[in-house]
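Below you'll find the structure, written out as structure tokens, and then a few comments.
The values are calculated or read from the model by the stated rules, or taken from the named source; none is laboratory data. This structure is a prediction, so every number in the text was calculated from the model and none was measured. Cβ placement follows ideal geometry from the backbone for every residue including glycine, while neighbour counts extend to all protein chains displayed.
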Amino acid sequence: MTASVTLLMAVHCHQPVGNFGFVFEEAYAKAYEPFLGVLERHPTVRLALHYSGCLLDWMTRHRPEFLARVRALAAKGQVELLASGYYEPILPLIPEADRQGQIAMMRQAIQTHFGTDSEGVWLTERVWEPELPQTLARAGMRYTMVDTNQFVPSKPWLPQALQVQDDTFWDLLGCCTTEYAGSSIVLFPASKRLRYWMPFQPVDQTIEFLKRLRRPVPVAITFADDGEKFGLWPKTYRWVYEEGWLDQFFGALEREREWLTTTTFRDYLTHAEPVGPVSLACGSYEEMLEWSGGNFRNFFTKYPEANAMYQKMLQVSRALDGLRTQDSGLEETAEVLRKATEELYAAQCNCAYWHGVFGGLYLTHLRRAVYEHLLRAEQLLNGLARTPRGATAQASGGVETIASDVDGDGREEVALVTDTMRVVIEPDEGGTITEWSLYGSRINLLDTLTRRPEPYHDKLRAKTAAQPAAAQGVASIHDVLGVKEEHLESHLVYDDHRRSAFLDYALQGMPTLQDVVRSTWGERRLWSTGPYQWEASAAAPSSGLARVTLLRDVPHGRIRKVVSVSPHAQTLECACAWEVRQVPVVGLEFNVCLRDERYLSHPAEEHDTRQFRIAEPALGVSLRMECEPKATLYHFPIETVSESEGGLERTYQGLCLICFWEPPSRSWTSRLEWTVS
């Protein structure tokens, strides 16, 4: 007689910090609420649910009755609530103190909302690194789910009877233990087969597979995936609810309960033992490894913009940690630290730091939300102590000059910080400015994104963007590549430099506007970007300006760049002096993230320009640029072509402005002054 098969299910629901309200509403209406409604109609089906803290916050404000329904299911043991980092961070990428704080915050929220505790953790994007058992055990977690592909290297040491192999998939049944430095947790291998079949293939296909798993002894298989695939992903609402896939599936689980059971992970471990120990390398699910080149941290190599946010997050965390150790015990100080901690945690939400089948990093509102929370935290901490640990600083006239490794590349950058803004200059990256943040508006004005090739661009060029036909069921999001507009391939343009600010050029001739827009003017440059030597100057008594001077020797001469800020106004002055023989054209490039409807449609060129304005009224920020002497100005919108759940789309990333001059002599100086109003 064969024993039972246990299906363990974990359904994860999340919306990013900074996402639009209508997206929360749609996800609730199409996925979260109808899924729960079906589950309530099948009281013998048991599973684990996970709602990120960002989503819990929204539901608390807008759908408190939903939380009451989940609480009722938890009270009768039908569902188990999984913990995580509260704001859905990639745990291995944040400091240990933040890991513990985020998990503790989530466990408290689960206790508050649902009247229960958590012993299992949802691992964000199932990103695993070997030291996590120590973190999770210390946080009171006993188990988590990781994808089966991460167990493949350990195949020879795992029980053969619990391995299920066919031409397409490999599954591992049961669960294993793993340890780090004496701390151990249980790992449940999550089936890729079930992830690809549920809910996209007919119910009978999954049930027939589960029948094949029956053994002389009881076995279990794990499904762990996103709740949004049950209704929010393209065309799934009709299939899952209107055509009844989920009702049919839960009904089949109930009909087959003579041999097929469902339970929670917590209850499963009360009577089942792990099959043995296993050691896992760094990993995630297979698609993530493809997107990241095998390791999640590669996103910070591919995308300097993601690394800039990540390193700033780490700097804020270090500053916060340092101030905690110096806590004076004053109630006001403790409250500031508490608020700064919550802002930091919100900025650790993973979604804006990487890019896969969802927009992620390419979505400007998600990046902007990260900076908003980081700048709130930074401003709070500046009120307690301005200089981060590991940095050297000098203050003069209300401007603090901080030298530190801002981007984690082992080289020193310099920041000019006032009460209202922060400017970061990278001498080794061409003396460019990579951050210009305003504390009042909580925005990094240079939060743009470089146009880069992505693997799906080749599919677009090959005209394979049409959705593949499926014999039955509905196509998975991983199999769909749609487009949101015709002739999208004409917008595939790639840059040869990061879209930052104060980039300097020496050219053999004036490029055309189209050359600049299409990034085909590289051959006109007389030399490539190189490192600058730098020194900081104290604020001048007459002007109050604090300066960073950058020097670079180039063929037949020298370039001198000066960045100046004032403690009394939100003004950034950038001056560049060329002392170079025979340079026909010089240029300065700036890229700003403001969205001004006047400049979104077409590139333009303006001659004898002295002044330019750009504004984003919804943000309440306006920029005025004044140049001396008059310049030929090119400006155009920076648009990327990226993949989202709805298909390939263009996304506005910022406005590029380049001022050109034709120097009449060997010595030539130009100046641009940017003023925030």
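Conditions (1) closer than 28 Å to Gly654 by Cα; (2) assigned to a loop (DSSP other than H, G, I, E, B); (3) among the aromatic types (Phe, Trp, Tyr); (4) at pLDDT 95 or above, marked per residue:
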site	(1), (2), (3), (4)
Gln467	no, yes, no, no
Gln472	no, yes, no, no
His478	no, no, no, no
Leu481	yes, yes, no, no
Glu486	yes, yes, no, no
Ser490	yes, no, no, no
Tyr494	yes, yes, yes, yes
Note to self: Just checking, does the range 203-211 include any residue being of a type in the set (Ser, Thr, Tyr), over 17 Å from Thr263 (Cβ atoms) and in contact (Cβ under 8 Å) with a residue 24 or more places away in the chain?
What the structure shows: yes
Note to self: Condition first: of a type outside the set (S, T, N, Q), assigned to a strand (DSSP E or B), over 29 Å from the mean Cα position of the chain (by Cα) and more than 25 Å from Arg498 (Cβ to Cβ). Now tell me which residues in the range 645-677 satisfy that.
What the structure shows: Trp668
Item checked: Unmet criterion (only one of (1) closer than 25 Å to Gly174 by Cβ; (2) part of a helix (DSSP H, G or I)) for Ala220 -> (2)
Notebook entry, point to check: Could we say that Glu597 is free of Cβ contacts under 8 Å to residues at least 12 places away in the same chain and more than 24 Å from Pro629 (Cβ to Cβ) here?
Noted result: yes
Notebook entry, point to check: So, of the residues in the range 157-209 that are hydrophobic (A, V, I, L, M, F, W, C) and part of a loop (DSSP other than H, G, I, E, B), which turns out to be farthest from Trp128 (Cα to Cα)?
Noted result: Phe200
Margin query: Can you say whether Ala569 is touching a strand residue (DSSP E or B) at 6+ places or on another chain (Cβ under 9 Å), under 25 Å from Ile614 (Cβ atoms), in a loop (DSSP other than H, G, I, E, B) and modelled with pLDDT under 95, as far as the supplied structure shows?
Written below: yes
Check: If you check Phe590, Phe502, which single one turns out to be in contact with a Gly (Cβ under 8 Å, 6 or more places away or on another chain) and at pLDDT 95 or above?
Finding: Phe502
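What tally of residues in the range 618-644 results from selecting those that are farther than 25 Å from Glu662 by Cα and more than 26 Å from the chain's Cα centre (by Cα)?
2
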Note to self: I'd like the full set of residues that are surrounded by fewer than 14 Cβ atoms within 10 Å (Cβ to Cβ) and polar (S, T, N, Q), limited to the range 592-642.
What the structure shows: Ser601, Gln611
Next item on the list: Please note which helices (runs of 4 or more DSSP H) are completely contained in the range 32-114 and include at least 3 residues that are out of contact with any strand residue (DSSP E or B) (no Cβ under 6 Å at 6 or more places or on another chain) and over 22 Å from Trp233 (Cα atoms).
Entry: 53-62, 64-75, 96-114
Next item on the list: Go through (1) in a helix (DSSP H, G or I); (2) at pLDDT below 95; (3) not aromatic (Phe, Trp, Tyr) and name the single condition Arg215 misses.
Entry: (1)
Check: How about the range 287-300: which of its residues are out of contact with any Phe, Trp or Tyr (no Cβ under 6 Å at 6 or more places or on another chain) and closer than 23 Å to Arg368 by Cβ?
Finding: Trp291, Phe296
Margin query: Can you tell me which condition Thr236 does not meet? The list is (1) of a type in the set (Ser, Thr, Tyr); (2) in contact with a helix residue (DSSP H, G or I) (Cβ under 8 Å, 6 or more places away or on another chain); (3) not assigned by TED's automatic domain parsing to the domain that holds Ile90, and all the others hold.
Written below: (3)
Next item on the list: Just need a number here: residues in the range 594-653 that are of a type in the set (Phe, Trp, Tyr) and over 16 Å from Leu446 (Cα atoms).
Entry: 3
Next item on the list: Kindly indicate whether Gly77 is over 15 Å from Ala10 (Cα atoms) and surrounded by 13 or more Cβ atoms within 10 Å (Cβ to Cβ).
Entry: no
Margin query: Restricting to the range 152-170, count the residues that are crowded, with 18+ Cβ neighbours inside 10 Å and out of contact with any Phe, Trp or Tyr (no Cβ under 9 Å at 6 or more places or on another chain).
Written below: 1
Next item on the list: Return the only residue of Val17, Val11, Val5 being within 21 Å of Gln248 (Cα to Cα) and in contact with a His (Cβ under 9 Å, 6 or more places away or on another chain).
Entry: Val11
Next item on the list: Report the residue count in the range 239-261 for those that are within 15 Å of Glu208 (Cα to Cα), free of Cβ contacts under 8 Å to residues at least 12 places away in the same chain and not in a loop (DSSP other than H, G, I, E, B).
Entry: 1
